[in-house]
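Presented below is the structure to which this report refers.
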Amino acid sequence: MVRPKQSIQSHRKDEHVFLAEKFHQDDRQNDFDGLRFIHQSLPELAIADVDISTQFAGTTWQSPFYINGITGGSQQTKKLNAQLAQVAQIAGLPMATGSQSVAIKDPTLVDTFSVIREFNPAGFILANIGAGNDLSVAQKAVAMTQANALEIHVNTAQEVVMPEGDREFYWLDQIGEIVANLDVPVIVKEVGFGMSAETIAKLQSVGVTNIDVSGKGGTNFVTIENERRRDKAYDYLSDWGQSTVESLFESQAFQNELTILASGGIRNPLDIVKALRLGASAVGISGQILHMLIKTGPTETAEQLLAWQAQIQSIMAMLGARNLTALQSAPMILSPNLRHYLNERHLSL
Ligand SMILES: Cc1cc2nc3c(=O)[nH]c(=O)nc-3n(C[C@H](O)[C@H](O)[C@H](O)COP(=O)(O)O)c2cc1C
């Protein structure tokens, strides 16, 4: 049988997965290394008494971490989405899809996303579209996956380096309109370049209440998109953006009013506990879970992520933190670089 030729968009989805895995480094250093907890020898707590659940938009999530937006939009990524949905279901994790705009333009690709709901009928699913889409696209994306919430990604750095990327970034009004009219909660997220206090304030001004700061330190879409360019012109931008730790610093002043989520560069359960300590309500993971899935398959990945949940509980017990609220006052110290960032930005913890 002759297969119909893949569209540029579908091909791009396959390339993103291929390149994310190609550049993935298990032991990559990042700013989470600049934060240390102070060990407490007498926590006066049992591991079984630690509650790692969290709240998102009125729903309880049993796990404080989730599978963040990765993929869909081609036959190869349909398989990955089916497997990720299985992982989410077995490990009890919320899961976001990759950007669905491609399937709204080309309905033959709908099943590459709706497969997630098929494999995880009762799970918490987050739909995903890019900023610049209007309310009707948002509604279609949510309907396509029968989603419980919607992620809208803001990704100027990726678009700039992407050869076929958008060149106009008038996004804020449409984001506000979607938040005001969609009947599921909306999260505005970055894609690995982090957020500033200025960005968070702008989002808050149009009614956004859930923000994933998705910072630098893991998957790098400047590197990925640059690799897709013939001229490789943007190599020098590969260190662009704020790390996830820096972005969580930037979010401190907003944490009482907004739900701040964190992603970007999560490598292990300790990174998750550190992001929660800095005020994230929950933590998203993409590159590391994609890597586990490709290397070990869905069953082992789910087992590993269940083990991560137990390990988070153990780390919190060592810190004497009975729940996520208590964790937020666990003593910690910061590296000189992170202190310098706080000083330069006139931020305090
Ligand atoms: C292969 C791949 C594809 C991605 N596609 C999307 C996407 O379609 N929409 C989105 O919001 N984020 C997308 N992301 C970004 C992630 O959701 C996340 O913000 C970023 O990768 C940083 O997290 P990480 O370091 O854990 O990978 C993608 C990430 C990967 C690895």
**Report entry** Answer from Ile152, Ile224 - the residue that is part of a helix (DSSP H, G or I), buried (at least 17 other Cβ atoms within 10 Å of the Cβ), within 14 Å of the ligand (Cβ to nearest atom) and under 18 Å from the mean Cα position of the chain (by Cα)
**Finding:** Ile224
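Looking only at residues that are outside any helix (DSSP H, G or I) and surrounded by fewer than 20 Cβ atoms within 10 Å (Cβ to Cβ) in region 131-149, which one is nearest to the chain's Cα centre (by Cα)? Steps first, please.
Taking region 131-149 first, the residues outside any helix (DSSP H, G or I) are 131-134, 145-149.
Subset that is surrounded by fewer than 20 Cβ atoms within 10 Å (Cβ to Cβ): 132, 134, 146, 148.
Values: Gly132: 19, Asp134: 22, Gln146: 20, Asn148: 16 Å.
It comes out as Asn148.
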Query raised in the report: Does region 1-51 hold any residues that are away from the ligand (no atom under 16 Å from the Cβ) and of a type in the set (Lys, Arg), and which are they?
Result: Arg3, Lys5, Arg36
Report task. For residues that are polar (S, T, N, Q) and near the ligand (Cβ under 10 Å from one of its atoms), tally how many sit in region 64-79. Result -> 3
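Given the criterion crowded, with 18+ Cβ neighbours inside 10 Å and away from the ligand (no atom under 16 Å from the Cβ), identify the matching residue among Met316, Met332.
Working: Met332 fails: crowded, with 18+ Cβ neighbours inside 10 Å.
Going through Met316, Met332 in turn, just one is crowded, with 18+ Cβ neighbours inside 10 Å and away from the ligand (no atom under 16 Å from the Cβ): Met316.
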Report task. Test Asp134 against the stated conditions and say whether it is over 20 Å from Gly264 (Cβ atoms), of a type in the set (Asp, Glu) and out of contact with any helix residue (DSSP H, G or I) (no Cβ under 7 Å at 6 or more places or on another chain). Result -> no
Requested in this report: Please indicate, with yes or no, whether at least one residue in region 27-49 is at pLDDT 95 or above, in contact with a strand residue (DSSP E or B) (Cβ under 6 Å, 6 or more places away or on another chain) and basic (Lys, Arg).
Outcome: yes
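If the requirement is being surrounded by fewer than 19 Cβ atoms within 10 Å (Cβ to Cβ) and either in contact (Cβ under 8 Å) with a residue 24 or more places away in the chain or within 19 Å of Gln311 (Cβ to Cβ) (or both), which of these qualifies: Gln75, Gln29?
On the way: Gln29 fails: either in contact (Cβ under 8 Å) with a residue 24 or more places away in the chain or within 19 Å of Gln311 (Cβ to Cβ) (or both).
From the options Gln75, Gln29, the qualifying one is Gln75.
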Report summary line: Residue pairs qualifying under the 7 Å Cβ cut-off, at least six apart or on distinct chains, with the first in region 330-349 being aromatic (Phe, Trp, Tyr) and the second being part of a helix (DSSP H, G or I), are Tyr341/Glu246; Tyr341/Phe249
**Report entry** Where Glu246 falls short, out of the listed (1) within 15 Å of the ligand (Cβ to nearest atom); (2) surrounded by fewer than 24 Cβ atoms within 10 Å (Cβ to Cβ); (3) under 20 Å from Leu349 (Cβ atoms); (4) of a type in the set (D, E, K, R)
**Finding:** (2)
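The values are calculated or read from the model by the stated rules, or taken from the named source; none is laboratory data. As the structure is a prediction and not an experimental result, all values here were calculated from the model. Using ideal geometry, Cβ is built from the backbone for each residue, glycine included, and neighbour counts are taken over all protein chains shown.
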